[in-house]
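Notes for the one structure printed next.
The values are calculated or read from the model by the stated rules, or taken from the named source; none is laboratory data. Keep in mind it's a predicted model, so treat the numbers as computed, not measured. Please note: Cβ atoms are built from the backbone with ideal geometry, for glycine as well, and neighbour counts cover all protein chains shown. These area figures cover heavy atoms from the full protein model, side chains too; ligands, DNA and RNA do not enter into them. Shrake-Rupley method; radii C 1.70, N 1.55, O 1.52, S 1.80 Å.
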Amino acid sequence: MGRRDGHAVSRRQALRLAGTGLGLAVLGAGAWGCTPEEETGASGGSTTPGGGKGGDFFTTPPPGTAPKPLWQQKTANDDLAGIHALAVIGDTVVVSGDPLVGRDAASGKEKWSRPGVTIPGAKLITGGGTLYLASAEYDGDVVGLDPATGKETWRSRLGKEYEQPRPIAADDGHVYVLAGILEEDSSTPTNVIAAIDTTSGKIAWREQRDKGTEEFGITAAVVGGRLAYTDFRKNVTVRDTTTGRQLWTKKIGRSNYYRFAVHEDLLIVPDGERLRAFALAAGTERWSLANEKFTWFNDPQVLDGVLYASDGAYAMWAVDPGTGKQIWHNEDLVGSAAEAWQFAKVGGTLYGATEHDKNGGVHAFDAATGKLRWTYNDNTGANQKWYVVPAGKRLAAMHAKRLYALPAV
């Protein structure tokens with residue numbers, strides 16, 4: 001590839017030019033060639049169960065060959081719950097929607113179904129083996145279900161003065177909820193974050209958030225006695241899980257839409273062109289990893305002690321989460337893959353789910369090098385995001401209103 005001034009144009013630069021409308025002119029009509037995966041028909045699907053007898057004899061295919069689903073089922077997914085739309089709890093796969101359905105991870109068979117049990121777009125929040133949901137009755141209740149049976153095992157209420165509390169995180173001792181404070185005109189200009197004791201159902205603590213903070217766009221995680229969360233206002237905040245006391249809060253330069261990562265005593269957020277790691281206890285910045293100019297990092301995940309992330313130029317990164325040092329950086333995915341927004345790891349394979357369907361689906365990468373092995377796509381043309389969650393020897397994958405099990409070992 002070249003430019004009129006005689007300097008070479010890298011694929012990363014070309015991709016950014018394409019985002020400004022100049023890319024096609026620079027690249028020319030024949031610049032995008034087929035990848036080995038495309039030439040061997042790697043993007044494929046199946047409408048019938050795959051694998052061997054009883055679904056027990058299967059392996060993930062070699063590079064260049066996409067797998068066939070071991071099973072597939074329709075879902076009631078409403079695509080509103082973000083990273084919490086798909087969950088695997090024990091041997092049960094659950095999809096957010098109405099009815100809420102639990103399926104056996106090995107066979108895909110329905111174990112239980114609960115219509116009208118939660119609100120549309122409910123996040124599947126788990127803690128201590130219980131699935132926590134906002135009640136569909138809009139009565140302020142938070143309910144807990146046994147994910148193996150779908151039966152209600154727990155219920156609590158924050159109070160009538162609050163609008164529809166929604167669970168955002170949970171651990172063995174508390175479920176953490178967010179709720180608007182109702183005014184006389186039924187508006188909710190302010191909101192609270194609270195912890196409900198999972199044994200007694202009583203409120204452990206309740207703290208009003210700063211005025212102007214949003215109730216939506218919340219991503220949260222509990223680690224080491226700390227509750228960390230971000231929101232659409234570009235805040236990152238950490239509280240003590242025992243008292244609710246706010247330990248620190250910071251502004252970041254770019255909204256954290258889906259996920260941040262935690263590792264030991266660190267919270268790691270994507271902030272535009274940088275990954276930034278903060279100490280959970282004090283908020284001091286421990287390390288920062290810079291990307292190229294105008295190239296943003298997507299949502300990171302720490303899996304088996306390694307931080308993985310994609311970026312806006314379709315590159316893949318593996319980073320030491322304790323130090324911020326690069327382990328590998330693969331820039332070979334332009335034209336052959338879409339950006340992964342959610343990851344899962346089984347054995348030596350890293351799986352990435354993409355937001356967009358073109359060139360996307362479920363990518364399988366060599367976790368040691370970041371090299372793309374194959375891409376699975378169901379070829380439905382639906383443009384909703386994909387989801388992936390490990391389920392033992394299988395990978396639970398969801399796209400639009402379809403749930404698949406793919407071989408993962």
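Structural remarks
- Any hit, segment 382-389, residues being open to solvent by 10 Å² or more (accessible area, probe 1.4 Å), out of contact with any His (no Cβ under 9 Å at 6 or more places or on another chain) and either part of a strand (DSSP E or B) or free of Cβ contacts under 8 Å to residues at least 12 places away in the same chain (or both): yes
- Filtered residues of segment 176-224 (kept if of a type in the set (G, A, S), surrounded by 12 or more Cβ atoms within 10 Å (Cβ to Cβ) and either touching a strand residue (DSSP E or B) at 6+ places or on another chain (Cβ under 7 Å) or closer than 14 Å to E161 by Cα (or both)): A179, G180, A194, A195, G201, A204, A220, A221
- Candidate set from segment 390-399 (those that are open to solvent by 10 Å² or more (accessible area, probe 1.4 Å) and either among the small types (G, A, S) or in contact with a Phe, Trp or Tyr (Cβ under 6 Å, 6 or more places away or on another chain) (or both)); member that is farthest from G352 (Cα to Cα): G392
- Test: K250 is open to solvent by 30 Å² or more (accessible area, probe 1.4 Å), at pLDDT below 95 and either of a type in the set (A, V, I, L, M) or farther than 25 Å from H356 by Cβ (or both): yes
One line per residue, one yes/no per condition, for (1) more than 28 Å from E215 (Cβ to Cβ); (2) at pLDDT 95 or above; (3) open to solvent by 10 Å² or more (accessible area, probe 1.4 Å); (4) not basic (K, R):
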{"position": "G244", "(1), (2), (3), (4)": "no, yes, no, yes"}
{"position": "G272", "(1), (2), (3), (4)": "no, no, yes, yes"}
{"position": "A277", "(1), (2), (3), (4)": "no, yes, no, yes"}
{"position": "G283", "(1), (2), (3), (4)": "no, yes, no, yes"}
{"position": "S288", "(1), (2), (3), (4)": "yes, yes, yes, yes"}
{"position": "D299", "(1), (2), (3), (4)": "no, no, yes, yes"}
{"position": "A313", "(1), (2), (3), (4)": "yes, no, no, yes"}
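- V192 vs. criteria part of a strand (DSSP E or B) and either free of Cβ contacts under 8 Å to residues at least 12 places away in the same chain or under 18 Å from Y138 (Cα atoms) (or both): yes
- Taken over segment 100-112, residues that are farther than 14 Å from A396 by Cβ and open to solvent by less than 50 Å² (accessible area, probe 1.4 Å) amount to 2.
- Screening T354 with (1) within 14 Å of the chain's Cα centre (by Cα); (2) farther than 30 Å from R276 by Cα gives one miss only, at (2).
- Boolean, V143 is surrounded by 19 or more Cβ atoms within 10 Å (Cβ to Cβ), of a type in the set (A, V, I, L, M), touching a residue at least 12 places away in the same chain (Cβ under 8 Å) and within 30 Å of K250 (Cβ to Cβ): no
- Filtered by the rule that a residue be open to solvent by less than 10 Å² (accessible area, probe 1.4 Å) and free of Cβ contacts under 8 Å to residues at least 24 places away in the same chain, segment 318-336 gives no residues.
- Selection over segment 276-306 of residues that are farther than 15 Å from W341 by Cβ and in a strand (DSSP E or B) gives a count of 12.
- Of all residues in segment 377-393, those that are modelled with pLDDT of 95 or more and under 18 Å from the mean Cα position of the chain (by Cα) total 6.
- Identity of the residue in segment 337-357, in contact (Cβ under 8 Å) with a residue 24 or more places away in the chain and not in a strand (DSSP E or B), that ends up most open to solvent (accessible area, probe 1.4 Å): H356
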